[in-house]
Structures are given as C-alpha cells and as structure tokens.
Amino acid sequence: MPEMKPQVYKDERPAEYFEPFHAAARKGVGWTYTLVRILVSLPTLLIYRVRAVGRENVPKDGPLILAPNHFSQMDHFFTGLYLRRKIRFMAKSQLFGPPVLTYIYKHGGVIPIRRGHHDEEAFTTAFTVLDQDGMLLIYAEGGRSRSGELGEPKRGVGRLALESGAPVVPVAIYGSAAVRRWKRLRFPKVTVQYGEPVSFPVEESPSYERQQEAAAEIFARVRELYEGLATRNGRRASRRSPDRAPA
C-alpha cells in the first residue's frame, strides 16, 4: 500500500482566518467553479472511466444533501461529474492554505470545517446553502477512510438532515480507494451510484443520539449501495480472469 501522510487532527489557526471563506460560500459560486469543472471533467472521465448509476435519483432543484462514502480527494469530482447542478462541498480546513488552491476553494463555494474544533460556523454556512435551495455535499464518514474499507458515520450528516428537512441522497463511490496508485500509473475504474432520496421530519434541536441515529440510517443505505457495487464488480472481474475454472 502506498505510504500516506500522517493525519493532522487539529487546525490551530483561529476561527477568524476562515470568516472570508464562509462569507464567500454563502454568496454562491462564480466562474471559478465552472472553469475548474471544464478543466477537470474530461481527464477525470477518461483516466478513471467513471460510470454513474441512478442519476435520476438526484432532484434537479430544491435543497439537497449528497452523502457519499470517502476514500480519495478525487471523490468530490467523481460525485459531481455527471450532475448538472453545482455542488457545494464541506471540506476539512487543512485544505485551505496554498494560494492557488485556496483561491479555487474560496470562489468555488467550498465550506471549511475547522478540524479539531466544534465548528458551528460551518453548519451555519451549510444551512444557508440549503436555505438557498443549493446542493450540499457532506461525507457521511466525516473524513477519508484510510483503511480501504468503509468507516463509520459521523453525526454531522444526521444533524443537517434533521434540522433542515432537506432530502438526502446516499451516494456510493466504488473504486476510488485505489486512486493513490496513480504514481504507479495504475488508474482504477470508478463507479458512482446515487440512491433514492431519504427525508426526515424537521427537528429543531435534535439530541446527539438522534443525530447519530439519522446518520446511521443514511450510511446504512450508502453501505448497501457500495456492497452491491463491490459484488457486481467482483463478478465481472471473475468473468475476465483467465484462471477462472470452466463451467
């Protein structure tokens, strides 16, 4: 397995550093989003041979939460590649810093989550996006799984779903765990499947336990989709294998 950089679990920068990014995200996205999408879409499609299943399950308008699993920093591109709507991403704050990337994140509507802190500002921005009938992406596991296996859901997606009442589309991304092998010129084939939306009655102040329950229900659907993709891809690999025993 490729060597991975150690995780940094706390961002020591003050909350004030991220205020301009929240202000920009609440205003929407501009030409930067479109430009990056144009530049990245074709290479992503060709290199990773991305296939989408169930796009009809993604509403064409209205507030919406996308809740994918998360293995790679390419997952947001994989999720949005076949969708016409613009996605607003919730991302760890450590991504903000390098000048060029930070400019893209700021003007592309990326919402920083100040890692290692109770970041209420990130949720305020997320609810603002949903109030504007935007489409918001939050990784159900809260961060990348580095084991190659699905992780466990965090309550953030449950809170957003319960307090906003916005429908949640569970999303399974299969194949992106191997994206790190690009340095060996090995590019996995990626499949993205969008499940049927799930909605919850609005709860103004759900308990932590209730938030976790909702998150678990959402992620159970992600897991079901993912395991289905894994099974189907395993069968296809078996049929292609020259070592497969004859019927």
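The values are calculated or read from the model by the stated rules, or taken from the named source; none is laboratory data. These numbers come from a predicted model, not from an experiment. Cβ: placed from backbone, ideal geometry, glycine included. Neighbour counts: every protein chain shown. Ligands, DNA and RNA are excluded from the accessible area calculation, which covers all protein heavy atoms including side chains. Shrake-Rupley method; radii C 1.70, N 1.55, O 1.52, S 1.80 Å.
Structural remarks
- Rolling a 1.4 Å probe over the heavy atoms of the protein chains gives the chain an accessible area of 54 Å² per residue.
- Other-chain or far-sequence residues with amide H under 5 Å of ALA91's (modelled H): ILE111, ILE113
- Whole-Hz couplings from phi, Karplus 6.51/-1.76/1.60, listed for the stretch 132-140; x for Gly and Pro: 8, 6, x, 9, 10, 10, 9, 6, 4
- Among 47-53, 173-179, sorting by the average number of other beta carbon atoms lying within 10 angstrom of each residue, highest first, gives 173-179, 47-53.
- With the convex hull drawn over the C-alpha atoms of the chain, the volume per residue is 143 Å³.
- The share of C-alpha pairs in the stretch 103-155 whose separation exceeds 18 Å stands at 43 percent.
- Highest average packing first - 196-204, 216-224, Cβ atoms within 10 Å: 216-224, 196-204
- LYS86 accessible area, 1.4 Å probe, all protein chains in place, Å² to nearest 10: 90
- Taken over the stretch 139-229, the alpha-carbon convex hull comes to 88 cubic angstrom per residue.
- Close amide H partners of ALA52, meaning residues 5 or more places away or on another chain with modelled amide H under 5 Å apart, are VAL192.
- Think of the stretch 1-87 as a dipole: +1 on every Lys or Arg Cβ, -1 on every Asp or Glu Cβ, centred on the Cα centre; then among HIS22, VAL53, THR32, VAL53 lies furthest on the positive end.
- The stretch 56-75-the stretch 129-179 distance, computed between alpha-carbon centres (Å): 7
- Assigned charges on the beta-carbon of Lys, Arg, Asp, Glu; the chain dipole about Cα centre (debye): 1700
- Members of LYS106/LYS189; LYS60/LYS154; LYS92/LYS154 lying beyond 24 Å, as alpha-carbon distances in this model show: LYS106/LYS189; LYS60/LYS154
- Estimated D of the stretch 1-100 in µm² per second, where Rh is the Kirkwood radius over Cα pairs and Stokes-Einstein applies at 4 °C, 1.567 mPa s: 80
- Percent of C-alpha pairs per 10 Å bin in the stretch 45-126, short distances first: 14, 44, 34, 8.
- Surface share of carbon and sulfur [accessible, 1.4 angstrom probe, percent] for the stretch 68-225: 52
- What the phi angles of the stretch 146-157 give under the Karplus curve with 6.51, -1.76 and 1.60, with θ = phi - 60°, is a coupling list of 9, 8, x, 10, 4, x, 10, x, 9, 6, x, 5 Hz, glycine and proline written as x.
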